[in-house]
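A.B. asks: Here you go, one structure.
The values are calculated or read from the model by the stated rules, or taken from the named source; none is laboratory data. This one's a predicted model, so the numbers in the text were calculated from it and none came from an experiment. Positions of Cβ are generated from backbone atoms using ideal geometry, with glycine treated the same way; all protein chains shown enter the neighbour counts. Accessible surface areas use protein heavy atoms only, side chains included; no ligands, DNA or RNA. Shrake-Rupley method; radii C 1.70, N 1.55, O 1.52, S 1.80 Å.
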Amino acid sequence: MSATTGAAGGEPIITLEGVSKRFGSFQALRNINLEVHRGERIVICGPSGSGKSTLIRCINQLEHHQQGRIVFDGREIGPHAHGLDQIRREIGMVFQSFNLFPHLTVLQNCTLAPMKVRSTARAEAEALARRYLERVRIPEQANKYPGQLSGGQQQRVAIARALCMNPKVMLFDEPTSALDPEMVKEVLETMIGLAEDGMTMLCVTHEMGFARSVAHRVIFMDAGEIVEQAPPETFFAHPKSERTRTFLGQILPHG
Amino acid sequence: MFHHFGTNDFLFLVAAIRWTLALSAIAFIGGGIGGLVVALARTAPLAPLRLAATGYIQLFQGTPLLMQLFLVFFGANMFGGRIDPLIAAAIALTLNAAAFLGEIWRGCIEAIPRGQWEAATALGLRYPAAMRDIVLPQAARIAVAPTVGFLVLLVKSTSLASIIGFVEITRAGQIINNATFQPFLVFSVVAVLYFALCWPLSLLSRHLETRFGTVSR
Ligand SMILES: Nc1ncnc2c1ncn2[C@@H]1O[C@H](COP(=O)(O)OP(=O)(O)O)[C@@H](O)[C@H]1O
Ligand SMILES: [Mg+2]
């Protein structure tokens, strides 16, 4: 599947206007402006410490921004936003370190949130969970504990767990960085499957092959700023900024 | 007027075990409930709760248990007539155990990685649900061994209740000693009885440590 420029139109599902974030005196995000449209798939890359994680963690308010506005699906979000947990339920997140709940089985990991926060009946939650476990292609692991699975399997469970909340947007924070090379592919394939189904996705990743084939837009960040953004073919073929060129020179195979 | 330590004296000591156990059980259950409250307050997102819990822990860890016992016993006697030594001892030990268990369990709660909170929060769980369904069950596993370890200390600290006249094993030993004047023999028996109570608990604690300390699930 090749990237098409621009996704479905309409009003953006996520808008960031002039968002800044400090940790103490350290400026992690500087004046970020970003619009994400429904169905759009964005890959965010940039050197370590450039604020990629902070950016997507501000979207579901795992980090709180100090300046600017973040609007999700028509509702402004912030540390004191009304119904913040309501909004979080509509935003799925996948972490680099999986963060599965080790004391619960794979199935329970997937049914916990629907049952606890959506009051879904157990049978319905389990049916839903099995459907998503099927979709990430590990239905047979439902009754195991996370510790019994490989890294790639755990990350696929984490994706299924997020999907069980039926999110409008999925955030990925370097989902393959903690994986052994042979497991990267299975997770990327799962993500490509999601993309094909039209999921709105923001992915922090250095998997440039994934970016080329799936992203509508690639964003390059450095020192807390969005330095450059473009559709992947433009981004990789004609990077505008020197910083982007340097970065791509470091992570892309030469030749 | 003295008689030799005999079977009846031994049985008297053995019978007193139930009071040591009863006091231990009351303090453990009461202290467990209080300790959970203290641990939750100590790790709460609200600063005043944390401050109050910290103050409570400092107060009870920073003063001798014997003083706490005296304050409850004589304090109650001062304000409202007599207080039963069992009740006084139960109150003092419960308050004390709540502080120690609260501090032990705080550590267990804080040992749960931040990623667990983040995953729960990202799924839309609010603080109480994340605490109850994600953090506490994992913290409980880590807590089992040190909690049983604390129980051993608690059983031994009940001996202090003898000083306010509560007849548990130690007080029973004093009574028998007053009648036989064979202190070495009598208190050796008392010590062996404590050991018989505490040693299995110590073994259990060590067993639980290997059982829950290493497995990942
Ligand atoms: N909780 C925090 N406290 C202090 N500094 C932080 C915290 N989280 C991130 N930072 C700092 O903010 C900067 C951006 O971090 P991050 O968004 O994680 O970068 P990236 O994901 O691009 O590697 C880094 O320099 C990091 O050290
Ligand atoms: Mg990061």
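A.B. asks: Would you compute, for the Cα atoms of the protein assembly as shown, the largest minus smallest coordinate along each principal axis and list the three values in descending order, in whole Å?
C.D. replies: The Cα atoms of the protein assembly as shown stretch 107, 46, 44 Å along their principal axes.
A.B. asks: Suppose every K and R has +1 on its Cβ and every D and E has -1 on its Cβ; what is the size of the dipole of the protein assembly as shown about the Cα centre, in Debye to the nearest 20?
C.D. replies: Details: 42 positive and 35 negative charges, 132 e Å.
Dipole about the Cα centre, nearest 20: 640 debye.
A.B. asks: How far is helix A:181-196 tilted, in degrees, relative to the longest principal axis of the Cα atoms in chain A, given as a value from 0 to 90 rounded to the nearest 10?
C.D. replies: On a 0 to 90 degree scale, this one is about 90.
A.B. asks: If DNA, RNA and ligands are ignored and the probe is 1.4 Å, what is the ranking of B:His207, A:His216, A:His238, A:His64 by accessible area, most exposed first? Don't skip to the end; give the middle numbers.
C.D. replies: Values: B:His207 105, A:His216 10, A:His238 130, A:His64 75 Å².
Reading off the accessible areas and sorting them downward yields A:His238, B:His207, A:His64, A:His216.
A.B. asks: How big is the dipole moment of region B:7-212 about its Cα centre under a simple scheme where the beta carbon of each Lys and Arg is +1, that of each Asp and Glu is -1, and everything else is neutral? Debye, nearest 20, please. Mind dumping the intermediate values first?
C.D. replies: On the way: 13 positive and 8 negative charges, 61 e Å.
With Lys and Arg at +1 and Asp and Glu at -1, about 300 debye.
A.B. asks: Leaving out same-chain residues fewer than 8 places away, which aspartates and glutamates sit with a Cα under 14 Å from that of B:Lys156?
C.D. replies: Cross-link targets: B:Glu168.
A.B. asks: Contact order normalised by length for chain B, with contacts defined as Cα pairs under 8 Å and 6 or more residues apart; what percent is it? Walk me through the numbers before you get to the answer.
C.D. replies: Working: 239 pairs, mean separation 64.5, N = 217.
Across chain B, relative contact order equals 30 percent.
A.B. asks: Please check region A:50-73 for residues whose accessible area, probe 1.4 Å, is lower by 50 Å² or more when all protein chains are in place than in their chain alone.
C.D. replies: At a threshold of 50 Å² (probe 1.4 Å), none of the residues of region A:50-73 becomes less exposed by that much.
A.B. asks: Right, something else. Round to the nearest 10 and report in Å² the accessible area of A:Ser25, as given by a 1.4 Å probe over the protein chains' heavy atoms.
C.D. replies: 120 Å²
A.B. asks: At 1.4 Å probe size, with no ligands or nucleic acids counted, give the accessible surface of B:Arg106 in Å², nearest ten.
C.D. replies: Looks like 50 Å² after rounding.
A.B. asks: If you don't mind, there's one more thing I want to ask. Compute the acute angle (0 to 90°) between the alpha-carbon long axis of helix B:47-61 and the principal axis of greatest extent of the alpha-carbon atoms of chain B; round to the nearest 10°.
C.D. replies: 20 degrees
A.B. asks: Right, something else. Between the chain alone and the structure with every protein chain in place, find the residues of region B:127-144 that drop at least 30 Å² of accessible area; heavy atoms, 1.4 Å probe.
C.D. replies: Checking the loss per residue gives B:Asp133, B:Ile134, B:Gln138.
A.B. asks: With springs connecting C-alpha atoms under 10 Å apart, model chain A as a Gaussian network and identify which of A:Val117, A:Val94, A:Val71 has the largest mean-square fluctuation.
C.D. replies: In the Gaussian network model the winner is A:Val117.
A.B. asks: Same structure again: For region A:1-103, just list the percent of Cα-Cα distances falling in each 10 Å bin from zero outward, please.
C.D. replies: 13, 42, 35, 9, 0
A.B. asks: Taking the alpha-carbon distance from A:Lys185 and a cut-off under 17 Å, which aspartates and glutamates remain once sequence neighbours fewer than 8 residues away in the same chain are dropped?
C.D. replies: Leaving aside aspartates and glutamates fewer than 8 places away in the same chain, those within reach of A:Lys185 are A:Asp173, A:Glu174, A:Glu196, A:Glu207.
A.B. asks: Still on this structure, I have one more. Which of these, B:Val192, B:Val37, B:Val14, has the largest mean-square fluctuation under a Gaussian network model of chain B (Cα springs below 10 Å)?
C.D. replies: B:Val192
A.B. asks: Still on this structure, I have one more. Could you run the Karplus curve 6.51 cos²θ - 1.76 cosθ + 1.60 with θ = phi - 60° over region B:170-178 and give me ³J(HN,Hα) per residue in whole Hz, x for Gly and Pro?
C.D. replies: Once θ is set to phi - 60°, the couplings for region B:170-178 become 4, 4, 4, x, 4, 4, 5, 4, 4 Hz.
A.B. asks: Dipole size in debye (nearest 20) for chain A around its Cα centre, Lys and Arg Cβ +1, Asp and Glu Cβ -1?
C.D. replies: Details: 28 positive and 27 negative charges, 91 e Å.
That gives chain A a dipole magnitude of about 440 debye.
A.B. asks: Further question on the same structure: Go ahead and set up a Gaussian network model of chain A, Cα springs under 10 Å, then flag whichever of A:Phe23, A:Phe72, A:Phe236 fluctuates most.
C.D. replies: Highest fluctuation of the listed residues: A:Phe23.
A.B. asks: Sorted by accessible area (1.4 Å probe), largest first, how do A:Lys116, A:Lys240 line up?
C.D. replies: A:Lys240, A:Lys116
A.B. asks: Shifting gears a bit: In units of 2.2 N^0.38 Å, what is the alpha-carbon radius of gyration of region B:7-212? Walk me through the numbers on the way to the answer.
C.D. replies: Numbers: Rg = 20.0 Å, N = 206, 2.2 N^0.38 = 16.7 Å.
Compared with the compact-globule rule of thumb, region B:7-212 sits at 1.20.
A.B. asks: At a 1.4 Å probe, what is the % contribution of carbon and sulfur to the accessible area of region B:7-212? Write out the running numbers ahead of the final one.
C.D. replies: Working: 7290 of 9980 Å².
Here carbon and sulfur together make up 73 percent of the probe-accessible area.
A.B. asks: Okay, moving on. Over chain A, what is the relative contact order in percent, taking alpha-carbon pairs closer than 8 angstrom and at least six residues apart?
C.D. replies: Details: 465 pairs, mean separation 67.4, N = 255.
Relative contact order, chain A: 26 percent.
A.B. asks: Shifting gears a bit: In terms of the Cα gyration tensor, with a ≥ b ≥ c the square roots of its eigenvalues, is region A:121-179 rounded because a/c is under 1.5, prolate because a/b exceeds b/c, or oblate?
C.D. replies: Details: a/c = 2.39, a/b = 1.21, b/c = 1.98.
Cα axes put region A:121-179 in the oblate bin.
A.B. asks: Pairing the Cα long axis of helix B:65-80 with the longest principal axis of chain B, what angle in degrees results, from 0 to 90 and rounded to the nearest 10?
C.D. replies: 80 degrees
A.B. asks: What accessible surface, in Å², does a 1.4 Å probe find on B:Val190, ignoring ligands, DNA and RNA and rounding to the nearest 10?
C.D. replies: Number for this one is 10 Å².
A.B. asks: How much area per residue is accessible in the protein assembly as shown when the probe is 1.4 Å and only protein heavy atoms are counted (Å²)? Walk me through the intermediate numbers first.
C.D. replies: Numbers: 21730 Å² over 472 residues.
Spelled out: the 1.4 Å probe surface of the protein assembly as shown, per residue, equals 46 Å².
A.B. asks: Here's a follow-up. Nearest 100 Å² is fine: what is the total accessible surface buried where chains B and A meet, probe 1.4 Å?
C.D. replies: Numbers: alone 12070 and 11560 Å², together 21730 Å².
In total, this chain pair buries about 1900 Å².
A.B. asks: Can you tell me what the convex hull of the Cα atoms of region B:104-173 projects to on average, as an area in nm²?
C.D. replies: Working: hull surface 24.1 nm².
Here the figure is 6.0 nm², rounded to one decimal.
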